[in-house]
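Below is one structure, written out as C-alpha cells; the observations come after it.
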Amino acid sequence: MLNNYLHTNTKAAPLAVFRFLFGWLMLASTLRFWFNGWIKSIYIAPKWFFTYYGFEFVKPLGNLTYLLFFIIGVTSVAIALGYYYKYAIVIFFLSFTYVELIDKTTYLNHYYFVSLVSFVLIFLPANVTFSIDARKSTVSKSEVPRWTIDVLKLLIAIVYVYAGVAKLNSDWLLEALPLKIWLINKTHFPVIGTLFQYEWSAYAFSWLGMLYDLTIPFFLMYKPTRRFAFIAVVIFHMLTYMLFQIGIFPFVMTLAVFVYFSPAFHEKLIHVVSSKIKLLNVAKSSVFEFSAKAKRIIYPILGCFVIFQLVFPWRYLCYPGELFWTEEGYRFSWRVMLIEKMGTAVFTIKDPIDGKSFNIRNADFLTPFQIKQMATQPDFILQYAHMLRDHYKKEGVKNPEVYVESYVTLNRRLSKQFIDPKTNLANEKDSFAPKKWILPFNGTIKGL
C-alpha cells in the first residue's frame, strides 16, 4: 500500500503555487523587519544574546546581519519565481534559520514553522512548473509524486491539531485564560469590541479557538466543506492579526492552506498569474520522478522529520511540574498564546572569599524586551546567571556566586517565588535535564 502511494502522481500546480506564495510572503516579512528598524534593535543593538542550548556556536554578526537579511530577501524572490530554486531554497533555509538561532528571545511559532517549511521544500520539486527554471526541458514537468504535496498538508495539520490539543487545559477552557485578560483591553475594536466587556466573550473565543484548531485541517481536506473552512481560516487569522498583532503568522497560515485546494483550482491561479508574468513557464506534460539515489536519501530524511514533528511536542511529559510554570518542553510544540506571564528577577553577585555581595542592574546588560523574557523563563535565567558569572570573573571576582530573587505571576494568579533563592546558579549546568531549582507551582492546570 505504501509503495503504491509513493508512486501515485498528481498535478504539480499546488506545489508550485505554494512555492510562489511562500517566496513573496518571506520577502514581505524581510522588508517589514528592514524598514521597521528591527534588524538593528533585535540583532545588532543588544550587548548579549540568549542562545539555544546546543547552538551556542551561532553568533551575532553585527552589521553583517543586514547582508544576511539581504540574502534572505533575494532568495525569497528567487524561490517565488522558481529561479535557481534548489540553490535559493537551501540558502534561504540556512540564512533564515541562522537569524532565528541568534537569540531565542525572539522565538515565535511562525518563525519555527517557516524554518520547517523551507527545510521540507529543499527536497521537493517545487520548481517543475510555473517557474523560470521550468523553461529548461529537463526541469519542466506537469506532475509530481502526490506525497510531495501531502507532506506540506501534514505539516500544516500538525501545527493546527497540536495547537488545539494544547488548548485542552483548564485555564483555557474553564477559566478562559489568558483571553479573559487580553480581550477586556480590546473594547475599542470596531464592530465587535463592545462584546469584549462581557466575560462570556472570552469563553466563546477560547472554545471556538480550540474547536477551530482541532478540526480545520479535516474540513479543508474534505471537498464539500473546503470553501467554508477557508472562509473560517480567513476570518480567524484576520481577527487574531487585528486583535493581537502577532506578526505575519496569520498571513503564513492563511496562504499555506491553499495547498489543500484541488489541482484544478491551482491551475486556474497559475493561468491568471502566468498571463501577467510572462517569464514563468508552465509545464504542459510529463511526470517528475525522483532518481533511485534521491529516494534513498529523501525518504529516510523526510520520514524521520515527520516522526520527529509528531513526537517532539510531547517531550514535556518527561518533565515534572506544571508546564506553563516551568516551560520545560514548551517551545517548538505549537503552544500558541496560552499564557500571560510577568515577572521580576533581581540578581545578586557574591564574592565567596570576602563575603561581599551586590545587586545587578539588568538594564546594564540586557534590552527591555530581553529583561521581560528572561524574568519568566528558567533557561533564560540560568544563561544570564552564567553570563554574569563570566563577566565578573573578568572583573576580578574569583569564582563569583550568582543568586536570584525571582517572582512570577501566571495567568492573573498571585505572584509567587519562581527560583530557589538559595541556589548558586553559577554552579548549575545547562542541559535538557529537569531544573530542580525551579520552585513548585503549588497549583494545577489540568490538561493534556
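The values are calculated or read from the model by the stated rules, or taken from the named source; none is laboratory data. Please read these numbers as outputs of a predicted model, since none were measured by experiment. Heads up, the Cβs are rebuilt from the backbone with ideal geometry, glycines too, and the neighbour counts pull from every protein chain shown.
Would you call Val74 touching a Leu at 6+ places or on another chain (Cβ under 7 Å) and in the same structural domain as His266 (by TED's automatic domain parsing)? Criteria not met by Val74. Restricting the stretch 82-110 to residues that are in a loop (DSSP other than H, G, I, E, B) and out of contact with any strand residue (DSSP E or B) (no Cβ under 9 Å at 6 or more places or on another chain), which is surrounded by the most Cβ atoms within 10 Å (Cβ to Cβ)? Looking at the filtered set, the residue picked out is Asp103. Among the helices (runs of 4 or more DSSP H) confined to the stretch 229-321, the ones with at least 1 residues that are more than 21 Å from the chain's Cα centre (by Cα) and in the same structural domain as Tyr112 (by TED's automatic domain parsing) are located at 263-274, 292-311. The condition (being at pLDDT below 95, closer than 30 Å to Ser206 by Cα and loosely packed, with under 15 Cβ neighbours inside 10 Å) is satisfied by just one residue among Pro320, Pro352: Pro320.
Picking from residues in the stretch 350-373 that are β-branched (Val, Ile, Thr) and without any contact (Cβ under 8 Å) to a residue 60 or more places away in the chain, the one that is nearest to Phe432 (Cα to Cα) is Ile371. For the stretch 213-225, filtered to residues that are under 21 Å from Val117 (Cβ atoms) and crowded, with 17+ Cβ neighbours inside 10 Å, the residue that is nearest to the chain's Cα centre (by Cα) is Asp213.
Let's see how each residue does on (1) touching a residue at least 60 places away in the same chain (Cβ under 8 Å); (2) more than 21 Å from Glu328 (Cβ to Cβ):
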| site | (1), (2) |
| --- | --- |
| Ala375 | no, no |
| Phe380 | yes, no |
| Ala385 | no, no |
| Asp390 | no, yes |
| Glu395 | no, yes |
| Val402 | no, no |
| Leu410 | yes, no |
| Arg413 | no, no |
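What single numbered condition from (1) assigned to a helix (DSSP H, G or I); (2) surrounded by fewer than 17 Cβ atoms within 10 Å (Cβ to Cβ); (3) free of Cβ contacts under 8 Å to residues at least 24 places away in the same chain fails to hold for Gly54? Looking at each condition in turn, Gly54 falls short on (1). Kindly indicate whether any position in the stretch 380-398 is at pLDDT below 95, small (Gly, Ala, Ser) and in a loop (DSSP other than H, G, I, E, B). Within the stretch 380-398 (the criterion being at pLDDT below 95, small (Gly, Ala, Ser) and in a loop (DSSP other than H, G, I, E, B)), the answer is yes, since at least one residue qualifies.
Looking across the stretch 231-247, the residues that are among the aliphatic types (A, V, I, L, M), within 17 Å of His188 (Cβ to Cβ) and in contact (Cβ under 8 Å) with a residue 40 or more places away in the chain come down to Met242, Leu243. Which of the residues spanning the stretch 414-433 are loosely packed, with under 14 Cβ neighbours inside 10 Å and part of a loop (DSSP other than H, G, I, E, B)? Passing the criteria: Leu414, Ser415, Lys422, Lys429, Ser431, Phe432, Ala433.
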